[in-house]
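What follows is one structure encoded as structure tokens, with my remarks underneath.
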Amino acid sequence: MSDETPISDLTAIVFTRSPPSLKVLNQLLLPHKTIYETVSNVKEGYEQIKEMKVRGAPAIGIVAALSLAIDLLLQSSNQTNSIFKDQETLKSYIKASLEYLKTSRPTAVNLFRASDILWNITEKETDVNMIIERIIEEAERMLIDDVQDNKNIGNFGAEFILKENQDKKIGVVTHCNTGSLATAGYGTALGIIRSLYFQNRLSHAYFTETRPYNQGARLTAYELIHDKIPSTLICDSMVSALLSLSDNNNNITAIIVGADRVASNGDTANKIGTYQLAITANYHNIMFIVAAPSTSIDLNIKSGKEIIIEERAEDEVTNVTGIVKNINGGELKSTKVRLPPEGVKVWNPSFDVTPAKLITAIVTEKGVITKKDGTNEFNLFDFLT
Ligand code: MRU
């Protein structure tokens, strides 16, 4: 796959081995402030993920892996550190660190996949220095490979959509943020939108605000404006109305979303609100496309029923968080405004599961997977093994 597609310079994760440094963009402050925070150890990596300063399934897995890498890199400069005493001590430190990182967020499988990869490497090595070296190498590789994987997803996805729509420009709807900020770069669903745009085949991208955390209004808006991609922000509740008005002048060809975990049969967990988008896409007879790296596919589970859905704090629903200038001007401050009266009951699942039946295609870096004719399920096991 060609490497020539321009890549956005919106970078959420910056890692260098020499000098040892891991910096993560604090996405809670976007789009108003661009502040990178230094991560020096596993605990700080865990906090970045838990507090959603970094979010998005691929980015979570990569930051978890790199936080272990930077932790080992910085600690290993201190030769007397007891965790490097022998391979058993180091291995139990790594095991405990990975188990801890895995408790940060439960739904995106990429975190668990990254942890398994690092643990398999650790188990195989017997030399302390080799263990450290291999972990750093692998974590760095995850960061580098993700960008190329996303460009491949973008190109495969655009090709799939264009094959069915030879002569027309494509209008799309997307949800949440699946772009450079949610990955190592370029993005998955947003990667497909970028590829359509770079091929001059995108007419317009509509994107939802994505309550309660507003990844769309804050982050997708930031990326689309940055790349000058023609786009319009809508509330989550406006998608069906938009599709009902879609005609040749204002055509919407596809809804394109990312994934946090795809089960073997294709059932897909993604940001809350995705399921209702799939229902409306099917009702309006337009494509519903899931874009995700193969690391988001969990072959250990048969269906979406087995996916654990993260429930987050009530205040994400009861409050709207924004950035305001303080009264004396100057400094920007993050402020929460409460909407409902005290005492209201709140339910805040962060993700939902879209049944495979409603999904037209799953686009990965290895190619596009569609359902076998006449069936309602994907056979991801056959595709990946
Ligand atoms: O809660 P978040 O912001 O981590 O949720 C992100 C999503 O649901 C994305 O759509 C998904 O992780 C894919 S990101 C390429």
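Of note:
- Scanning the stretch 78-107 for residues that are closer than 16 Å to Gly61 by Cβ, of a type in the set (D, E, K, R) and either in contact with a strand residue (DSSP E or B) (Cβ under 7 Å, 6 or more places away or on another chain) or surrounded by fewer than 18 Cβ atoms within 10 Å (Cβ to Cβ) (or both) yields Glu99, Lys102.
- Close pairs from the stretch 345-368: first at negative phi and at pLDDT 95 or above, partner hydroxyl-bearing (Ser, Thr, Tyr) and part of a loop (DSSP other than H, G, I, E, B), Cβ under 9 Å, at least 6 apart: Ser350/Thr107; Ser350/Tyr213; Phe351/Thr107; Val353/Ser303; Pro355/Ser303; Ala356/Ser303; Val363/Thr188
- Qualifying residues in the stretch 61-70 (those that are closer than 15 Å to Ala184 by Cβ and without any contact (Cβ under 8 Å) to a residue 60 or more places away in the chain) - the one farthest from the ligand (Cβ to nearest atom): Ser67
- Verdict on Ala281 being crowded, with 17+ Cβ neighbours inside 10 Å and farther than 21 Å from Glu365 by Cα: yes
- Scan of the stretch 260-277 for residues that are of a type in the set (A, V, I, L, M, F, W, C) and either in contact with a Gly (Cβ under 6 Å, 6 or more places away or on another chain) or away from the ligand (no atom under 13 Å from the Cβ) (or both), ordered by number: Ala263
- Within the stretch 215-237, the residues that satisfy the criterion of being touching a strand residue (DSSP E or B) at 6+ places or on another chain (Cβ under 8 Å) and either within 24 Å of Phe351 (Cα to Cα) or crowded, with 24+ Cβ neighbours inside 10 Å (or both) are Gln215, Gly216, Ala217, Thr220, Ala221, Leu224, Thr232, Leu233, Ile234, Cys235, Asp236.
- Filter result (farther than 25 Å from Leu30 by Cα, aliphatic (A, V, I, L, M), within 16 Å of the ligand (Cβ to nearest atom) and in contact with a helix residue (DSSP H, G or I) (Cβ under 7 Å, 6 or more places away or on another chain)) within the stretch 286-322: Ile289, Ile297
- When Pro58 is tested against (1) part of a loop (DSSP other than H, G, I, E, B); (2) within 15 Å of the ligand (Cβ to nearest atom), exactly one condition is not met: (1).
- Hey, Ile117 among the β-branched types (Val, Ile, Thr), over 17 Å from the mean Cα position of the chain (by Cα), more than 15 Å from the ligand (Cβ to nearest atom) and under 21 Å from Asn150 (Cβ atoms) or not: yes
- Failed criterion for Ile135 (all others in (1) within 16 Å of the ligand (Cβ to nearest atom); (2) under 30 Å from Arg17 (Cα atoms); (3) part of a helix (DSSP H, G or I); (4) β-branched (Val, Ile, Thr) hold): (1)
- Single condition Met52 does not satisfy, out of (1) within 16 Å of the ligand (Cβ to nearest atom); (2) farther than 21 Å from Ile121 by Cβ; (3) more than 16 Å from the chain's Cα centre (by Cα): (3)
- Checked against (1) surrounded by fewer than 23 Cβ atoms within 10 Å (Cβ to Cβ); (2) at pLDDT 95 or above, Leu29 passes all but condition (2).
- The set of residues in the stretch 123-165 that are basic (Lys, Arg) and under 27 Å from Gln87 (Cβ atoms) comprises Lys124, Arg134, Arg141.
- Yes/no for Thr38 being at pLDDT 95 or above, of a type in the set (Val, Ile, Thr) and surrounded by fewer than 21 Cβ atoms within 10 Å (Cβ to Cβ): yes
- Between Thr89, Thr122, Thr126, the distinction of being touching a helix residue (DSSP H, G or I) at 6+ places or on another chain (Cβ under 7 Å), at negative phi and free of Cβ contacts under 8 Å to residues at least 24 places away in the same chain belongs to Thr89 only.
Each row is one residue, and each column tells you yes or no for (1) within 12 Å of the ligand (Cβ to nearest atom); (2) touching a residue at least 40 places away in the same chain (Cβ under 8 Å); (3) under 18 Å from Lys366 (Cβ atoms); (4) in a helix (DSSP H, G or I).
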| residue | (1), (2), (3), (4) |
| --- | --- |
| Ala139 | no, yes, no, yes |
| Leu143 | no, yes, no, yes |
| Ala158 | no, yes, yes, yes |
| Leu162 | no, no, no, yes |
| Cys176 | yes, yes, no, no |
| Leu181 | yes, yes, no, yes |
| Ser195 | no, yes, yes, yes |
| Asn200 | no, no, no, no |
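- Residue, surrounded by the most Cβ atoms within 10 Å (Cβ to Cβ), within the stretch 9-26, restricted to residues that are of a type in the set (D, E, K, R) and under 26 Å from Ile94 (Cβ atoms): Lys23
- Residue tally, condition part of a loop (DSSP other than H, G, I, E, B), of a type in the set (S, T, N, Q) and crowded, with 17+ Cβ neighbours inside 10 Å, over the stretch 353-385: 1
- There is no residue in the stretch 267-274 that is out of contact with any His (no Cβ under 9 Å at 6 or more places or on another chain) and surrounded by fewer than 20 Cβ atoms within 10 Å (Cβ to Cβ).
The values are calculated or read from the model by the stated rules, or taken from the named source; none is laboratory data. Owing to the predicted nature of the structure, the values given are computational and were not obtained by experimental measurement. As a convention, Cβ positions derive from the backbone with ideal geometry for all residues, glycine included, and neighbour counts pool all protein chains shown.
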